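Bear in mind these aren't lab numbers, they're just calculated from the coordinates by the rules spelled out. All figures in this text were calculated on a predicted structure; none of them were measured in a lab. When we count neighbours, we look across all protein chains shown, and the Cβ atoms used for this are built from the backbone with ideal geometry, even at glycine.
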Amino acid sequence: MQPPVRGDATITRRFELAPRPQRVVFGAGTVADVPAELEALGLHQVLLVASPSAAATADVVASALGDRLATRIDEVRQHVPETLATSAVDAARESGADGVLTIGGGSATGLGKAVAVATGVPLVAVPTTYSGSEATPIYGITGPHKRTGRDPRALPRVVVYDPELTTSMPRHVTVTSGLNAVAHCVEALYSRDAEPVSTLVAEHGLHLLASALPRAVRDPHHLAAREDALLGAYLGGWALASAGTALHHTLCHVLGGDHGLGHGELHAVLLPYVVAFNAPATPEGMGRVARALGTEDAVGGITDLAHTLGAPTSLRAVGMPEDGLGAAAQRASVAVGDRNPRPVDPDILRRLLEDAFDGRPPDTHHHRDRSGAVTRTGGGST
């Protein structure tokens, strides 16, 4: 059967979309709604996981929960070390917790996800940064290396977004977690599995973040800016969960998990380099990135945004050891598989990481072949 036609254009678009079951409560002061949201889920004994930076908020919520608080964990660490995840799961089981509540950044959310995946109990998240993890069913645990997975149990059943909780974020956390959210939007726009809905969501999320983050950095208590940034972070997480990850997130997980580096800092440093590399293979996606940023060039727009925010600009500056670049390139080239729009290999990634290590400007016009010679970029192949 011939495909249907409209005018002189053949209709070829096809995609699949599976909306994820999650309730979102957004607005200033909504942290006060948390006990009611837990009650609506039928939760009677809750494990509370709180970032140290969110301790004051967690204290208020814990007091409101009263005897519904089964136990509390205040130790969270980036990349969710396996030993910490095991300890949290044991605490949940021993206390008889029938649900998990997280208050804090991506590390708190990540630990709560580990508990939810292992026990099957519902997860409720109250984010205080722009990590976006709360909008995805993606989780990660780090043993010898960081491993990530997707599981519907990792998706919080309810997310309570209260922008007032983000006004006390240190400046550098606003910058790095904000660029983490930017990376979610950007990767969703060039992902091979992007579809029309995730594309629209990611583009609008990126537009919100690009406008809001500089305002939030200049004036931490600018609530409208905080609202826009938090909404943009949610949209970025939602879009990434639908479109999937590619080279950028693979590199961040490999480097961060192996060397204990800050997740947000890695996003800030690596994003311009990965975008410059992928740009020839994704002209439509890069056009959307540029449009959302209000620039003519996606790489330049991202670089300028990071500079405006005062983000770190080299892997050396965020603590990456130079002698680990080769192994990271090797591992990432295997881990990303065929999910990146442009093929990669260890040599290509090693050179990309070397540029990022020294903070050299991303090269948007050339790339070096395996012999080290500089050649013109063309099409979507390496």
For segment 1-147, give the magnitude of the charge dipole about the Cα centre (Cβ charges: +1 Lys/Arg, -1 Asp/Glu; no others), in debye to the nearest 20. 660 debye
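Per-residue ellipticity at 222 nm for the chain, helices alone: DSSP H runs ≥ 4 residues times -39500 (n - 2.57), over residue total, nearest 500 deg cm²/dmol?
-16000 deg cm²/dmol
Show me the ranking of peptides 304-316, 231-243, 112-124 by mean Cβ neighbours inside 10 Å, starting with the highest. Provide the component values of the computation, followed by the final result.
Numbers: 304-316: 18.4, 231-243: 26.8, 112-124: 23.5.
Listed from highest to lowest mean packing, they are 231-243, 112-124, 304-316.
Placing +1 at every Lys and Arg Cβ and -1 at every Asp and Glu Cβ, with all other atoms neutral, what dipole size does the chain have around its Cα centre, in debye to the nearest 20? Intermediate values should be presented prior to the final figure.
Working: 32 positive and 40 negative charges, 132 e Å.
So the dipole magnitude of the chain works out to roughly 640 debye.
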Using only the alpha carbon atoms of segment 171-376, find the Kirkwood hydrodynamic radius as the inverse mean reciprocal pair distance, in angstroms to one decimal. 16.7 Å
Starting from one equal scatterer on each C-alpha and no solvent at all, send me the Debye-based log10 I(q)/I(0) for the chain at q = 0.06 Å⁻¹, two decimals. -0.23
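Only Cα pairs under 8 Å and at least 6 apart count here; give the relative contact order of the chain as a rounded whole percent. Walk me through the intermediate numbers first.
Numbers: 743 pairs, mean separation 50.8, N = 382.
Relative contact order here is 13 percent.
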